[in-house]
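Worksheet: one structure, shown below.
Where a number appears in this text, it was derived from the coordinates with a stated rule and is not lab data. Note that the structure is a prediction, hence the values are computed from the model and not measured. Positions of Cβ are backbone-derived with ideal geometry, glycine not excepted, and every protein chain shown enters the neighbour counts.
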Amino acid sequence: MFLGLPPSHESEGYDREHMNLPRQQIDLLEAVAAANPNVIVVLSNGAAVTVADWQHKARAVLECWLLGQAGGAAVADLLLGAVSPSGKLAETIPVRLADNPTVGNFPRENGSVRYGEGLLLGYRWYDAHRLEVSHPFGHGLSYTSFAYRDLDLQVLADGAAPRVRVAFTISNAGDRAGIEIAQVYVADPARPSTGPSRSCAASPASSLSQVHRSASRWSWAPGPSPTGMRPSATGPSRAGSSRCVLGPLAGIYA
């Protein structure tokens, strides 16, 4: 089923008042799923929508956002298994709008928008407030699986300008070709109470063949700290395919 946001729910020139799909679309999904539970939802939307109320009716969700003129062929390749999904969510999918960090700051008043989140933008807000989410930033499923090993952390410089080299090996553990987008997060154990609990520091991609089950070793070269962050070089660092381990509910392919 192809579901999404019509112009009455999102467009240029006005602000959205909610993050829901049209009620008629959800009713249709429920009716179809009652007749045949083997339903895949393909989403067409320019901004995130909540899925908590209906994703249990679908076996999988393919988040396509707004595709161009070649989008139809790309969706067909993904649904029929010609290629494996490899995208990761670029934003958090909250359970409800009320959990969004912009609540209380948006929409604007007197012609001004207050950015009151501080450093707790996006996934940092949900982490700091320990909020349950439908799907976290960086989440995305694949038709294959990947194994991580040999995580190596080298502290090159500590102090006010820390420099750390992170290296690890990714291998294709499944029987399909796929592309993995790894994510490296850093945390500052001495962070202020208003600071994020962890921040994404790097996100390299690797194309791995299912025939040779090749392994790619990624090394993130030292560089400047993320905006607003001065993590201690002795702070924890984690690498993986996503920020969280999700439950058995239908996931999102991006």
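The table below lists the values:
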item: Cα principal axis extents for the range 2-83, largest first, Å; result: 38, 31, 16
item: Most positive-pole-ward Cα, LEU29, MET19, GLY81, against dipole of the range 2-83 from beta carbon charges; result: GLY81
item: Cα→Cβ-extended label distance, 7 Å offset, between ASN105 and ARG165, nm; result: 3.8 nm
item: Local electrostatic count, PRO85, Cβ distance below 12 Å [Lys/Arg +1, Asp/Glu -1]; result: -1
item: Spatial separation of Cα centroids for the range 42-79 and the range 130-160, in angstrom; result: 24 Å
item: Residues ALA52 and ALA31, FRET efficiency given R0 of 30 Å [Cβ-Cβ distance, rounded to 0.05]; result: 0.95
item: Extension reserve of the SER112-ARG176 stretch, reckoned as 0.36 nm per residue once the Cα distance is removed; result: 18.0 nm
item: Stretch gain in nm, segment ASP152-SER11, where the contour uses 0.36 nm per residue and the Cα spacing is subtracted; result: 46.1 nm
